[in-house]
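Taking it in order: structure first as structure tokens, then the write-up.
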Amino acid sequence: MFDKHGICDWCGRLAKVAQHKYIDGLSHQSCESCYDLAKIDVKQFNIGELEARARLERKS
């Protein structure tokens, strides 16, 4: 899971990172210490994005 080195998008440190993919196609990386927070953050964004898309579909 933490298989490459990079900059953590949550704390800004250089470390081994894991990738998190957003529903809109973007992705960010987190280190092991930020992983749980990042996972929650990405999940909440994806839920909000799905809800926004559903609202747009209902309006059209």
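Quick notes on this structure:
- Taking the chain and dividing mean pair separation by its residue count, relative contact order in percent (alpha carbons under 8 Å, at least six apart): 26
- With the simple model of a label 7 Å out from the Cα in the direction of the Cβ, residue 13 to residue 51 spans 3.2 nm.
- Accessible surface, region 5-44, averaged per residue in Å² (probe 1.4 Å): 67
- Relative to the dominant Cα principal axis of the chain, helix 35-59 is inclined by about 20°.
- When the convex hull of its Cα atoms is viewed from all sides, the chain shows a mean projected area of 4.2 nm².
- For the chain, lysine pairs separated by 8 or more sequence positions, or belonging to different chains, with Cα-Cα distances below 26 Å total 9.
- Percent accessible area from carbon and sulfur atoms, region 1-52, protein chains only, probe 1.4 Å: 53
The values are calculated or read from the model by the stated rules, or taken from the named source; none is laboratory data. For clarity, every value in this text was computed on a predicted model and none was experimentally measured. All Cβ positions, glycine included, derive from the backbone under ideal geometry; neighbour counts span all protein chains shown. Ligands, DNA and RNA are excluded from the accessible area calculation, which covers all protein heavy atoms including side chains. Shrake-Rupley method; radii C 1.70, N 1.55, O 1.52, S 1.80 Å.
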